[in-house]
Amino acid sequence: MCTSFIYRENDRIIGMNFDNNGMDFSIDTSAPDFFLVKVGKGKHPSFGVNKKGVFFNNLMVDSNGKGLYRRPSKNVTHTTKFITDILKGNILIENLGEYLNNIEVVNVPDWSTHNMICDSKANVWIVEPGRGNLYSPADSSPFYVMTNFSLWDYEKDLIPCECQRYKKVFTSLSDSGKLDVDSAFKILESAKQNNDEWKTDFSMVYSEKEHSVYYCLNGNFNERFKYVFQA
């Protein structure tokens, strides 16, 4: 189970904890414009950011019994193809709202996930197969948080949030003042997991001002690595 947030004040900062249950994963920087993390035997893109600050993720969420897999067609796509088409430029981020108005995104077989997409201006879309799509403009709030419960259920159906990681990160961002890379990592560390099923194997913070991704492995927040996007 994972945690992500978009901070959109003095610096646009993106934070992400990848909480893993033993799946293989790898960092892919073979394309110089992208910093990607791929997961599973098929090495499918799970989350990442490009040099323009466009961020995506594909996180587990409880199914409501809808949004089940259907073969892609003119009016239907699935979550993995949706993410891949954004990466390939087949879906232009500036047209994402229009795209989502005309295409239904469903799950891949045997999975239930939801997607966060953030453009270079900090506008955020949440895509939840079988539920609906949410849009959070950059000027609507100073930050946006996503974990592994349905944000549609929370925001639209007013179902209470029971996720402690969400509450913890939301409160920390509310109280943070101006966020920087160090304080973003502290927030991620406060939400890390280390239990019999889920462990925080990878954490990243993207800073727009620095055009860089900072990341750490195996829940070791004291040892960070840096990836700088080239101009």
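Observations, loosely collected:
- The range 174-194: number of residues that are closer than 19 Å to residue 212 by Cα, surrounded by 13 or more Cβ atoms within 10 Å (Cβ to Cβ) and acidic (Asp, Glu): 1
- Selection count where residues are touching a helix residue (DSSP H, G or I) at 6+ places or on another chain (Cβ under 6 Å) and surrounded by 20 or more Cβ atoms within 10 Å (Cβ to Cβ), scope the range 116-132: 5
- Evaluating residue 65 against the criteria (1) modelled with pLDDT under 95; (2) surrounded by 20 or more Cβ atoms within 10 Å (Cβ to Cβ); (3) over 28 Å from residue 28 (Cα atoms) leaves one unmet condition, (2).
- Of the residues making up the range 116-145, those that are among the acidic types (Asp, Glu) and touching a residue at least 60 places away in the same chain (Cβ under 8 Å) number 2.
- Checking each residue in the range 5-59 for being surrounded by fewer than 16 Cβ atoms within 10 Å (Cβ to Cβ), at pLDDT 90 or above and on the phi > 0 side of the Ramachandran plot picks out no residue at all.
- Note on the range 139-158: among residues that are of a type in the set (A, V, I, L, M, F, W, C) and assigned to a helix (DSSP H, G or I), the one that is nearest to residue 210 (Cα to Cα) is 151.
- Those residues of the range 159-201 which are of a type in the set (Asp, Glu) and assigned to a helix (DSSP H, G or I), in sequence order: 175, 182, 189
- Positions within the range 202-231 being open to solvent by 30 Å² or more (accessible area, probe 1.4 Å) and not in a loop (DSSP other than H, G, I, E, B), in sequence order: 214, 215, 217, 225, 226, 227, 228
- From the list 150, 136, 140, 112, the one residue that fits, being farther than 12 Å from residue 82 by Cα and open to solvent by 40 Å² or more (accessible area, probe 1.4 Å), is 140.
- Cross-chain or 6+ apart pairs with Cβ under 6 Å, the range 90-115 first and within 17 Å of residue 64 (Cβ to Cβ) and in contact (Cβ under 8 Å) with a residue 40 or more places away in the chain, then of a type in the set (Lys, Arg) and open to solvent by less than 10 Å² (accessible area, probe 1.4 Å): none
- Which numbered condition residue 171 fails, given (1) surrounded by fewer than 21 Cβ atoms within 10 Å (Cβ to Cβ); (2) touching a residue at least 40 places away in the same chain (Cβ under 8 Å); (3) hydroxyl-bearing (Ser, Thr, Tyr): (2)
The values are calculated or read from the model by the stated rules, or taken from the named source; none is laboratory data. Since the model is a prediction, treat every value here as computed from it, not as a measurement. When we count neighbours, we look across all protein chains shown, and the Cβ atoms used for this are built from the backbone with ideal geometry, even at glycine. The area values use the complete protein model at the heavy-atom level, side chains included, leaving out ligands, DNA and RNA. Shrake-Rupley method; radii C 1.70, N 1.55, O 1.52, S 1.80 Å.
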